């Protein structure tokens, strides 16, 4: 993304109201204009206090196919784009290897 385009998408996300954003790692970029972003979290079990890992995978819209596997990205909530896509790529935070 160019600097101007990147700042515009971040500003648009802020103007639209209280939309959720998430930061995660791209685990698949095989589909056209779609990336799969995985978000890992570690939470203590309510009763047993053992730390449990959980993961959530989101399908996000990537208009220009910019994100590649291993990239850390920020995705934002959007209107439904397809059956499974309700998120849009906002920015690429860091590139993977």
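The values are calculated or read from the model by the stated rules, or taken from the named source; none is laboratory data. Owing to the predicted nature of the structure, the values given are computational and were not obtained by experimental measurement. Backbone-built Cβ (ideal geometry, glycine too); neighbour counts: all protein chains shown.
Which of the residues spanning region 33-74 are closer than 18 Å to residue 93 by Cβ and either over 13 Å from the mean Cα position of the chain (by Cα) or in a loop (DSSP other than H, G, I, E, B) (or both)?
Result: 41, 62, 63, 64, 65, 66, 67, 68, 69, 70, 71.
Would region 62-76 turn up any residue that is modelled with pLDDT of 95 or more, surrounded by 10 or more Cβ atoms within 10 Å (Cβ to Cβ) and in contact with a helix residue (DSSP H, G or I) (Cβ under 8 Å, 6 or more places away or on another chain)?
Looking through region 62-76, at least one residue is modelled with pLDDT of 95 or more, surrounded by 10 or more Cβ atoms within 10 Å (Cβ to Cβ) and in contact with a helix residue (DSSP H, G or I) (Cβ under 8 Å, 6 or more places away or on another chain).
Given (1) touching a strand residue (DSSP E or B) at 6+ places or on another chain (Cβ under 7 Å); (2) exposed (fewer than 11 other Cβ atoms within 10 Å of the Cβ); (3) more than 16 Å from residue 21 (Cβ to Cβ), identify the lone condition not met by residue 52.
For residue 52, the failing item is (2).
Kindly indicate whether residue 91 is more than 15 Å from residue 30 (Cα to Cα) and modelled with pLDDT of 95 or more.
Here the answer is yes, as residue 91 does meet what is asked.
Within region 5-19, work out how many residues are at pLDDT 80 or above and under 14 Å from residue 89 (Cβ atoms).
So the count comes out to 1.
Does residue 26 count as crowded, with 17+ Cβ neighbours inside 10 Å and either under 13 Å from the mean Cα position of the chain (by Cα) or at positive phi (or both)?
Answer is yes for this residue.
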